[in-house]
């Protein structure tokens, strides 16, 4: 499945926002939350699962909430 790129990030994916829409209608957004420290591993990918209620999966580490909030603005 190819994601819809909502917001481009850097080459590692930091600050990127993507959207996956599955054939059954389920929508999952991915937010590339940068690490709070220098890391060669790239971002923590936070997933927002739409449904009757929103579900957040892996929201990042301490000190990164502002990046998560920025990404959530693109999710709506």
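Since every read-out is calculated from the coordinates, none of them should be taken as a lab result. Nothing here was measured: the structure is a model prediction, and the numbers come from that model. Virtual Cβ from ideal backbone geometry, glycine too; neighbours counted across all protein chains shown.
With 72, 54, 68 as the choices, which residue is under 14 Å from the mean Cα position of the chain (by Cα), surrounded by 11 or more Cβ atoms within 10 Å (Cβ to Cβ) and without any contact (Cβ under 8 Å) to a residue 12 or more places away in the chain? Quick ask: steps written out before the conclusion?
Working: 72 fails: without any contact (Cβ under 8 Å) to a residue 12 or more places away in the chain; 68 fails: without any contact (Cβ under 8 Å) to a residue 12 or more places away in the chain.
Step by step, each of 72, 54, 68 is checked, and only 54 is under 14 Å from the mean Cα position of the chain (by Cα), surrounded by 11 or more Cβ atoms within 10 Å (Cβ to Cβ) and without any contact (Cβ under 8 Å) to a residue 12 or more places away in the chain.
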ask   = Can we say residue 47 is within 14 Å of the chain's Cα centre (by Cα), surrounded by 11 or more Cβ atoms within 10 Å (Cβ to Cβ) and touching a residue at least 24 places away in the same chain (Cβ under 8 Å)?
value = no
ask   = Considering the stretch 1-33 alone, what residues qualify as being over 17 Å from residue 72 (Cβ atoms) and assigned to a strand (DSSP E or B)?
value = 21
ask   = Which of the residues spanning the stretch 14-45 are farther than 19 Å from residue 2 by Cβ and in contact with a helix residue (DSSP H, G or I) (Cβ under 6 Å, 6 or more places away or on another chain)?
value = 33, 34
request  = Scan the stretch 34-44 and give yes if some residue there is surrounded by 15 or more Cβ atoms within 10 Å (Cβ to Cβ), without any contact (Cβ under 8 Å) to a residue 60 or more places away in the chain, in contact with a strand residue (DSSP E or B) (Cβ under 6 Å, 6 or more places away or on another chain) and in a strand (DSSP E or B), otherwise no.
outcome  = yes
